[in-house]
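Notes to accompany the following structure.
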Amino acid sequence: MPYNSIEKAAAAYDVVVIGSGLGGLTSANRLARAGHRVLLLEHHHRLGGLATWFKRQGHIFDVSLHGFPYGMRKTCRKYWNRAIMDSIIQLKNIVFDNPQFHLTTTFDKNDFSEILETRFQVPRSRILDFFNTVDGMNFYDDRSMTTRELFETFFPGRSDVHRLLMEPITYANGSNLDDPAITYGIVFSNFMNKGVFTFSGGTDRLIGMMTEELENNGVTICTRSLVKRIVIDNGKVRGVEVDGRFIAAKTVVSNAGILNTVEDLAGIDAFSEEFRESLKPVVVNNSSCQVYMGVKEGETIEDIGDLLFTSSSPQFDAEEMLDRNTKSRTFSLYYPKTRPGHDRYTIVASMNARYEDWASLSSEEYSREKQLMIERCLIHLEQYLPGIRDKCDWLEAATPKTFQRYTLHTRGTSFGTKFEGLEVSRNIFKDVKGLFHVGSVGIIMSGWLGAINYGVIVANDADAYLRS
Ligand SMILES: Cc1cc2nc3c(=O)[nH]c(=O)nc-3n(C[C@H](O)[C@H](O)[C@H](O)COP(=O)(O)OP(=O)(O)OC[C@H]3O[C@@H](n4cnc5c(N)ncnc54)[C@H](O)[C@@H]3O)c2cc1C
């Protein structure tokens with residue numbers, strides 16, 4: 001089991017990994033498997049970062065298990081283990097309900113093509129061209145085209161089609177029509193491959209299985225261990241300071257936010273002028289609000305779909321989706337089938353949100369606004385599940401302040417940084433020897449799949465450095 005503090009850790013390791021989000025966990029696992037001595041430090045009492053859950057009165061609420069692409073299966077088999085891969089199952093009923101259309105889909109290329117042709121009357125050749133274009137997008141492509149321009153090229157003036165294509169991705173990674181089209185294309189194609197998937201048994205089961213794998217590979221894990229500083233001397237990493245102790249390490253992989261890593265943990269003075277310049281355009285992504293609803297023991301709810309993208313806003317509008325009073329939200333429904341052996345129903349409403357809108361409130365306003373948000377979610381959900389209010393015995397809300405508190409991320413960002421952050425994250429080790437960053441950056445490296453895949457890439461870099 002993980003140590004509850006840093007006390008039992010040794011004095012020196014090959015690698016210290018700061019933070020146990022899916023990126024940090026994956027890097028730690030890969031590096032330990034490659035034969036390095038790895039220490040994993042997490043400030044929270046449990047591992048997983050945003051891939052987390054909490055328990056209330058018999059309910060288990062998943063925070064970020066709403067759906068991920070099929071690619072998770074291959075990634076988990078290759079970089080974790082087969083048992084983890086085997087627990088990945090499809091969510092088949094994805095519902096859209098808004099003033100422009102109401103439909104249910106499996107959210108894959110075949111079904112979307114069918115819907116675009118029959119419901120939206122888009123010619124088949126246009127649909128094929130669009131899919132061929134987004135499928136062919138890769139990281140090295142021209143980044144000047146925005147998603148708005150991409151949509152206007154293929155579906156000019158079709159705000160309904162734009163909404164179908166964009167709204168789920170805006171929830172999935174905070175991107176909007178003005179972000180580079182490749183960030184859209186890569187993430188959208190991942191989902192279109194085979195649809196939306198989840199982890200049977202919930203986030204707690206996944207993180208438990210990952211913890212077991214880390215221990216089998218010899219990673220020393222310490223929770224409740226807040227790293228205060230990455231110690232750098234002469235442009236080279238020497239170790240970390242944590243709870244008044246210095247732990248020596250040749251390499252540090254930071255899974256803290258990229259801005260937290262550079263500004264708070266390493267200190268900006270450790271970096272070259274050129275690197276500091278590259279940091280200036282980096283913008284953190286938006287944050288989230290959630291309302292958690294627990295259905296009383298013994299009560300049931302009808303199966304109305306797994307994931308409901310609902311809105312009463314007339315058109316897709318990323319700014320409207322960020323508003324504290326947004327009319328757009330995703331409902332994730334967790335039936336007993338997704339948690340075999342646990343006979344309870346829970347519902348989580350997720351909204352995009354701006355940190356500033358919540359951080360600027362007094363404590364009375366903050367409590368009141370949280371209550372109002374819960375109320376708005378209940379009213380909205382009653383349209384799909386009449387009487388749900390009376391069936392719930394637990395209601396709770398999270399805001400950007402909650403996400404900030406638990407992950408320490410700048411402005412409680414849910415999806416790391418916008419595109420510019422990726423280059424900074426990739427270049428950090430070129431500026432300070434032995435310092436690596438892993439975690440949500442550049443939109444494409446966020447989400448469960450993006451974070452795990454990035455964890456592998458960064459582990460390979462760190463491994464090469466340690467061997468050089
Ligand atoms: C509300 C919400 C819903 C989401 N839904 C989905 C979804 O359905 N599907 C999907 O694929 N993705 C989803 N995501 C995104 C996904 O959860 C994240 O992109 C991913 O989990 C981030 O992993 P990460 O490696 O970047 O690290 P994070 O999860 O951000 O973790 C970073 C870790 O570092 C730790 N840390 C930071 N500083 C220190 C320090 N100084 N010392 C010690 N520890 C430190 C933090 O405590 C944290 O544990 C969602 C996110 C949110 C917020």
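List of remarks:
- Residue that is nearest to His409 (Cα to Cα) [pool: residues in segment 244-261 that are over 21 Å from the mean Cα position of the chain (by Cα) and β-branched (Val, Ile, Thr)]: Val252
- Answer from Arg73, Arg82 - the residue that is modelled with pLDDT of 95 or more and more than 16 Å from the ligand (Cβ to nearest atom): Arg82
- Here Ser425 meets the list (1) surrounded by fewer than 24 Cβ atoms within 10 Å (Cβ to Cβ); (2) within 22 Å of Pro281 (Cα to Cα) almost entirely, failing just condition (1).
- Test: residue in segment 393-403 that is within 30 Å of Tyr79 (Cα to Cα) and at pLDDT 95 or above: yes
- Qualifying position, being surrounded by fewer than 18 Cβ atoms within 10 Å (Cβ to Cβ), more than 9 Å from the ligand (Cβ to nearest atom), of a type in the set (Gly, Ala, Ser) and within 21 Å of Asp463 (Cβ to Cβ), among Gly58, Gly35: Gly35
- Considering Phe429, Phe419, Phe415, Phe436, the condition of being aromatic (Phe, Trp, Tyr), in contact with a helix residue (DSSP H, G or I) (Cβ under 8 Å, 6 or more places away or on another chain) and within 8 Å of the ligand (Cβ to nearest atom) is satisfied by Phe415 alone.
- Val240 within 13 Å of the ligand (Cβ to nearest atom), over 22 Å from Phe419 (Cβ atoms) and touching a Leu at 6+ places or on another chain (Cβ under 6 Å): no
- Conditions (1) buried (at least 18 other Cβ atoms within 10 Å of the Cβ); (2) in contact with a Gly (Cβ under 9 Å, 6 or more places away or on another chain): number failed by Leu116: (2)
- In segment 383-401, the residue that is nearest to His45 (Cα to Cα) out of those that are more than 15 Å from the chain's Cα centre (by Cα) and assigned to a helix (DSSP H, G or I) is Lys401.
- Total residues in segment 413-465, condition outside any helix (DSSP H, G or I) and among the charged types (D, E, K, R): 2
- Checked against the criteria, Thr147 counts as buried (at least 19 other Cβ atoms within 10 Å of the Cβ) and over 23 Å from Gly23 (Cα atoms).
- If the condition is being acidic (Asp, Glu) and either within 24 Å of the chain's Cα centre (by Cα) or within 15 Å of Ser175 (Cβ to Cβ) (or both), then segment 119-140 contributes only Asp135.
The values are calculated or read from the model by the stated rules, or taken from the named source; none is laboratory data. Computed from a prediction, not measured in an experiment: that's the story for all the values here. As a convention, Cβ positions derive from the backbone with ideal geometry for all residues, glycine included, and neighbour counts pool all protein chains shown.
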